[in-house]
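Take a look at the structure below.
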Amino acid sequence: DRGKVSVDKKTLATSSRNVYAAGDIIGSPALASTGKKQAKRAVYAMFSKNMVSDAPKDANSYNPSDIGSIGVWTIPAMGYYGMTKEQAEKEGLNVVEGITPYNKSLRGRVFAPDGLLKLVVDSDEGRIVGVHLIGKEAAELIHYGVALVKGRMTIFDILSTTFTAVTYHELYKYAALDANTKLDFGVEWQEIFNALQVECSIDTDENSLHEKFDFIDEDGSGDLDETKMYALFESIGRPVGKRVISNIMRLSDVDGDGTIDFNDFKTIYYKICGVPPDEQDVSQNLLRP
């Protein structure tokens with residue numbers, strides 16, 4: 001271990017009685033901020049008979065994988081927090097990356113065009129699980145990324161935020177927009193789902209849905225236009241406005257013929273009802289607005 005001192009990850013105790021260690025001497029990440037946090041934990045451990053019951057709440061929330069945000073004061077600077085795409089996939093998450101260059105923002109274009117911000121996003125929920133930066137002020141900008149990951153925020157939260165103009169923080173919005181284009185259900189779909197969220201009034205199994213679909217599909221074409229979609233939602237106990245139906249059709253009509261088929265309808269209905277992905281058997285051919 002290249003001369004590093006081995007410690008108990010929870011208490012920072014060494015193998016020598018009453019000796020504790022923190023900071024660079026115990027290895028990565030070897031940062032002043034993490035060293036201070038480690039030292040605080042070690043002191044709690046020194047004077048606590050029971051680390052769980054005696055220590056303050058913030059000392060009990062130790063997570064070995066949460067070493068805090070990382071800032072590297074190079075030129076260009078770097079900052080990161082949370083998971084990479086590879087780490088997230090190993091954890092079983094389906095993720096996409098939202099990427100934007102610094103020159104996408106006006107401030108970056110003028111003062112520091114060479115840089116990059118990347119968001120790692122859970123594609124099922126739009127939740128941000130990792131933030132990575134390289135470029136000017138990256139070690140400062142990463143702290144907003146920490147708040148996003150720890151707060152389990154989504155790219156939709158970012159897109160609903162008004163950022164002050166001519167700031168580097170606008171890069172988060174552009175990265176979120178890029179991630180949005182890679183989701184099956186992007187921000188425009190979220191507005192529809194928020195308007196339609198209901199407790200489902202019929203069974204969500206495929207046979208029940210197909211029965212309702214076929215009842216409306218009188219000509220047996222296997223496709224529904226706007227008028228039939230409007231009638232279908234009424235038949236399942238969830239009448240919706242024509243504007244919402246028009247938006248559903250616009251977003252899901254892949255081939256542009258003005259209709260959607262059963263698989264597309266099933267996917268939408270499952271999403272409205274909040275059916276978990278692992279309980280669905282859905283098509284993946286919807287547009288990604």
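The values are calculated or read from the model by the stated rules, or taken from the named source; none is laboratory data. Computed from a predicted structure; not experimentally measured. Virtual Cβ from ideal backbone geometry, glycine too; neighbours counted across all protein chains shown. Ligands, DNA and RNA are stripped out before the accessible areas are found, and what is left, the full protein with its side chains, is counted by its heavy atoms. Shrake-Rupley method; radii C 1.70, N 1.55, O 1.52, S 1.80 Å.
How big is the convex hull of the Cα atoms of region 70-192, per residue, in Å³?
Dividing the Cα hull volume of region 70-192 by its residue count gives 94 Å³.
Report the gain in length on full extension from Ser246 to Glu211: 0.36 nm times residue separation, minus Cα-Cα distance, nm rounded to one decimal.
That pair, Ser246 and Glu211, stretches by 10.3 nm at full extension.
Around Tyr168, with a cut-off of 10 angstrom between Cβ atoms, what is the net charge of the other residues, counting Lys and Arg +1 and Asp and Glu -1?
Surrounding charge for Tyr168 is -1.
Under a point-charge model restricted to the Cβ atoms of Lys and Arg (+1) and Asp and Glu (-1), what is the dipole moment magnitude of region 141-262 relative to its Cα centre, in debye to the nearest 20?
It works out to roughly 1080 debye.
Using a ≥ b ≥ c from the Cα gyration tensor of region 207-253 (square roots of the eigenvalues), is it rounded, prolate or oblate, where a/c under 1.5 gives rounded and otherwise the larger of a/b and b/c decides, a/b for prolate?
Because a/c hits 1.5 or more and a/b fails to exceed b/c, region 207-253 counts as oblate.
Compute for region 97-161: radius of gyration divided by Kirkwood radius, i.e. Rg/Rh, restricted to C-alpha atoms, rounded to two decimals.
Across region 97-161, the Cα-based Rg/Rh ratio is 0.98.
Could you tell me the calculated FRET efficiency between Asp24 and Met46, based on Cβ-Cβ distance and R0 = 22 angstrom, to the nearest 0.05?
0.65
Please go through the residue pairs Lys37/Lys85; Lys40/Lys136; Lys104/Lys182; Lys182/Lys228; Lys85/Lys136; Lys118/Lys173 and name each one whose alpha carbons sit more than 21 Å apart in this structure.
Beyond 21 Å between Cα atoms: Lys37/Lys85; Lys40/Lys136; Lys182/Lys228; Lys85/Lys136.
Go through Phe213, Thr181, Val240 and say which Cα lies farthest out towards the positive end of the charge dipole of region 127-242; charges sit on Cβ, +1 for Lys and Arg, -1 for Asp and Glu.
Thr181
Over the heavy atoms of Val19, what accessible area does a 1.4 Å probe trace out, to the nearest 10 Å²?
Near enough 70 Å² of accessible area.
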